[in-house]
Amino acid sequence: AASPDQHTVAEALATGAKTVRLFVSWAEMEPAGPNTYPAASGVSPTYDAAIRQINAAGAKPLFVVLNTPSWANGVADQLVPPNDPQAYANFIGAFAAHNKGIGGVAGYEVWNEPDENQFWHPGPDAGRYAALLKASYAAIKAGDPSATVISGPTTGNNYNWISGLYGQGAGASFDAVAVHTDTACLDRGDWKSVV
């Protein structure tokens with residue numbers, strides 16, 4: 001996930017969108033170790049500028065937070081979730097609190113497509129994701145009580161995945177469910193060939 005630049009944000013705003021979805025790499029924002037955001041983040045000012053630019057156009061950013069730093073999962077693969085979900089929660093809560101002081105935010109998506117192995121390695125795990133979602137919900141709400149917490153978007157209408165989250169006790173740990181129904185892998189075969 002690359003940091004947003006002014007030109008890319010301007011292009012998104014030129015569409016008339018009132019919400020601009022931006023990916024945030026936890027690994028990039030907190031590379032030095034736990035509880036070091038924002039002091040250790042060289043890219044935080046880029047996101048601050050994006051919030052201001054988006055707000056100035058009458059819109060709000062929606063942040064998708066993923067990518068685990070190696071200190072949190074013990075491996076180089078950023079798509080392996082953290083060993084301790086609270087480490088991610090601590091970051092996303094601090095990120096929400098920081099952003100509240102910068103400007104209006106539409107909400108936070110906890111990861112991206114955790115129901116498929118493209119973004120969640122080695123593969124979907126409703127129990128492990130539910131633990132991440134529960135810890136994150138509490139942390140985000142502590143950082144910004146008015147923030148909207150969105151479950152990581154499903155790839156298609158994955159009712160079984162959402163049912164699994166409820167089965168894991170995560171039903172009260174999100175305000176909305178995101179669904180990707182236009183995902184290339186659903187209508188064109190191998191997603192890598194069209195991205």
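Give me a comma-separated list of calculated 3J(HN,Hα) values for the range 126-138, in order, Karplus coefficients 6.51, -1.76, 1.60 applied at θ = phi - 60°, integers in Hz, x for any Gly or Pro.
With coefficients 6.51, -1.76 and 1.60, one gets 4, x, 5, 5, 4, 4, 5, 5, 4, 5, 5, 4, 4 Hz.
Search the structure for amide H atoms under 5 Å from the amide H of Gly152, placed 1.01 Å from N in the peptide plane, and list their residues when 5 or more places away or on another chain.
Close amide H contacts, sequence-distant or interchain: Val110.
For the chain, report the accessible area per residue in Å² (1.4 Å probe, heavy atoms, rounded to an integer). Display every interim value, and only then the final one.
Working: 8600 Å² over 195 residues.
Roughly 44 Å² per residue, with all protein chains present.
Pull out a ≥ b ≥ c, the square roots of the eigenvalues of the alpha-carbon gyration tensor of the chain, then state rounded if a/c is under 1.5, prolate if not and a/b is larger than b/c, and oblate in the remaining case. Mind dumping the intermediate values first?
Values: a/c = 1.39, a/b = 1.15, b/c = 1.21.
Rounded.
Of Asn160, Asn83, Asn55, which has the largest mean-square fluctuation in a 10 Å C-alpha GNM of the chain?
Of the options given, Asn160 has the highest mean-square fluctuation.
Which ³J(HN,Hα) values, rounded to whole Hz and listed in residue order, are derived for the range 111-123 from phi using the Karplus coefficients 6.51, -1.76 and 1.60 in 6.51 cos²θ - 1.76 cosθ + 1.60 with θ = phi - 60°, glycine and proline given as x?
3J(HN,Hα) across the range 111-123, in whole Hz: 6, 9, 6, x, 8, 9, 7, 5, 10, 10, 9, x, x.
If you average the alpha carbon positions of the range 13-29 and of the range 34-56, how far apart do those two centres end up, in angstrom?
Spelled out, the Cα-based centre of one part sits 12 Å from the other.
What part of the accessible area of the chain, given as a whole %, is carbon or sulfur when the probe is 1.4 angstrom?
Values: 4510 of 8600 Å².
It is 52 percent, rounded to a whole number.
What does the charge add up to near Ser44, with Lys and Arg as +1, Asp and Glu as -1, over the other residues with Cβ less than 15 Å from its Cβ?
Working: positive: Arg52, Lys100; negative: Asp5, Glu28, Glu30, Asp48.
Every neighbour counted, the sum reads -2.
Starting at the first residue of the range 144-154, write each ³J(HN,Hα) from the Karplus equation 6.51 cos²θ - 1.76 cosθ + 1.60 with θ = phi - 60°, in whole Hz, x for Gly and Pro.
Values, residue by residue: 8, x, 8, 5, 8, 9, 10, 5, x, x, 7 Hz.
Most mobile of Pro61, Pro38, Pro82 per a Gaussian network model of the chain (Cα springs, under 10 Å)?
Comparing Pro61, Pro38, Pro82 in a Gaussian network model of the chain, the most mobile one is Pro38.
The values are calculated or read from the model by the stated rules, or taken from the named source; none is laboratory data. Small disclaimer: the values here were computed from a predicted structure and weren't measured. Every residue, glycine among them, receives a Cβ derived from its backbone with ideal geometry; neighbour counts consider all protein chains shown. Heads up: the accessible areas ignore ligands, DNA and RNA and are worked out on the full protein's heavy atoms, side chains in. Shrake-Rupley method; radii C 1.70, N 1.55, O 1.52, S 1.80 Å.
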